[in-house]
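See below for the structure under consideration.
Values in this text are rule-based calculations from the coordinates and carry no lab data. Since this is a predicted model, take the numbers as computed values, not measurements. We place every Cβ from the backbone using ideal geometry, glycine too, and count neighbours over all the protein chains shown.
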Amino acid sequence: MSEERHFLLEFSEAEAGLRMDQALARRLPQFSRTSLQLWLRSGHITGAADHGLLAPTARVRAGDRVLVDPPPPPVTTVAPQNLPLRLVYSDESVLVVDKPAGLTVHPGAGCPDGTLQNALLYHAPDLAGLPRAGLVHRLDRDTSGLLVIARTEAARLHLIGQLKSREMGREYLALVVGILPARGHVDAPIGRHPTARTKMAVTSRGRPARTDFEVVERLGNISLARLRLHSGRTHQIRVHMAHIGFPLVGDPVYGRVGPGGFARQALHAARLRFQHPRSGQTCVFEAPVPADFAALWAQLKELP
């Protein structure tokens, strides 16, 4: 299905004096500023009247009109694979899936196939024309729970915009080691670990990140917590909770093996809220914790 992907913009008095790339980034938050700068230089963003090239550093004047014609997204080369897929919802614009723990979201170093992306391409072949088969956010391999996937380029851009503006709601359930305070938040920047390059860490050189938390229940030295993301940094919940002294049960990187030998992070994306890209309605989905998570909590309840 072809889609209209052109944008005709007219700048206002309030935007006058901004650099062209700054003004465009404000108007089109679904695109990165780096992409907008590249498109300005390559002729994908032009003056609407004469189609002349515009410089990223050019200053905007009130009444200026520009035509934004993004290049087509790259076609994926990932192969479809008939893998199980827990489909929660599907329509012409989006899919919502409940990813099991142990499933990698998309191919990468050391994991060329057998991923959620491979499964999506088998069950929904129309995703082949979208970057990463419409995936707009991800979960760690051993984190379970809900993901939304775009089925059209317009839906993909809309969902990316919601992520960037923090309008998409993502709530998690986690088991953490320690008597966590009833509620609170962690507001600390996250970036690459200075020495262990496969890990993330709280660092002054990182990007802003905030995680809210509240306790659902406590059993001994283990707390069941509900957490809400205000940003989407790699390993954010795992890093933030370890940083304040409450690592996730079973986290092999930032914590330790949990009770009963639970050897993955006890983290589940339990609730997902977003604005439907086509209808504009608020969509809310919930997924129960997986069997191993529930079994561990039941086991803890039986301890004296």
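Report, to the nearest 10°, how far helix 33-42 tilts away from the longest principal axis of the Cα atoms in the chain, using its own Cα long axis and a range of 0 to 90°.
Between the helix axis and the principal axis of the chain, the angle is about 30 degrees.
What spacing in nm lies between the two simple spin-label points modelled at ASN221 and ALA294, each 7 Å away from Cα in the Cβ direction?
Distance between the two pseudo-spin positions: 2.8 nm.
Please give the charge dipole size of the chain, origin at the Cα centre, charges +1 on K and R Cβ atoms and -1 on D and E Cβ atoms. Round to the nearest 20 debye.
Value, rounded to 20: 940 debye.
Only Lys, Arg, Asp and Glu count, each charged at its Cβ (+1, +1, -1, -1), so figure out the dipole size of the range 55-114 about its Cα centre, rounded to 20 debye.
320 debye
Using a cut-off of 13 Å between alpha-carbon atoms, which aspartates and glutamates can reach LYS199, once sequence neighbours fewer than 8 places away in the same chain are excluded?
Result set, ordered by chain and number: ASP140, ASP251.
Which ordering of VAL60, VAL215 is given by a fewest-first count of other beta-carbon atoms within 10 Å?
In increasing order of surrounding Cβ atoms, one gets VAL215, VAL60.
Can you give the Kirkwood hydrodynamic radius for the range 73-165, in Å, rounded to one decimal and based on Cα pairs?
Working: mean 1/r = 0.0763 Å⁻¹.
The answer is 13.1 Å.
Work out the FRET efficiency for ARG61 and THR234 from their Cβ-Cβ distance, taking R0 = 35 Å, and round it to the nearest 0.05.
0.30
Considering the options THR195, THR46, VAL216, tell which one lies farthest towards the positive end of the dipole of the chain, charges being +1 on Lys and Arg and -1 on Asp and Glu at the Cβ, about the Cα centre.
Highest projection toward the positive end goes to THR195.
Give me the number: length gained by fully extending ASP187 to ARG141, i.e. 0.36 nm times residue separation minus the C-alpha to C-alpha distance, one decimal in nm. Spell out each step's value before the answer.
Values: separation 46, 0.36 × 46 = 16.56 nm, distance 2.46 nm.
Fully extending the segment from ASP187 to ARG141 adds 14.1 nm.
Length gain on complete extension for the stretch ARG207 to ILE179, per 0.36 nm per residue less the alpha carbon to alpha carbon distance?
Working: separation 28, 0.36 × 28 = 10.08 nm, distance 2.81 nm.
Length difference between fully extended and current span is 7.3 nm.
Within a 10 angstrom radius of the beta carbon, how do TYR89, TYR254 rank from fewest other beta carbons to most? Intermediate values should be presented prior to the final figure.
Details: TYR89 14, TYR254 19.
Taking fewest neighbouring Cβ atoms as first place, the list is TYR89, TYR254.
If I model a spin label at ARG166 and VAL88 as a point 7 Å from the Cα along the Cα→Cβ vector, what separation in nanometres do I get?
That separation, rounded to one decimal, is 2.2 nm.
Might you report the magnitude of the Cβ-based charge dipole of the range 7-68 about its Cα centre, with Lys and Arg at +1 and Asp and Glu at -1, to the nearest 20 debye?
It works out to roughly 200 debye.
With 10 angstrom as the radius, rank THR234, THR198 by how many other C-beta atoms surround their C-beta, starting from the fewest.
Ascending number of Cβ neighbours within 10 Å: THR198, THR234.
Among the aspartates and glutamates, select those whose C-alpha is under 16 Å from the C-alpha of LYS301, and discard any that sit fewer than 8 residues away in the same chain.
Output for LYS301: GLU217, ASP292.
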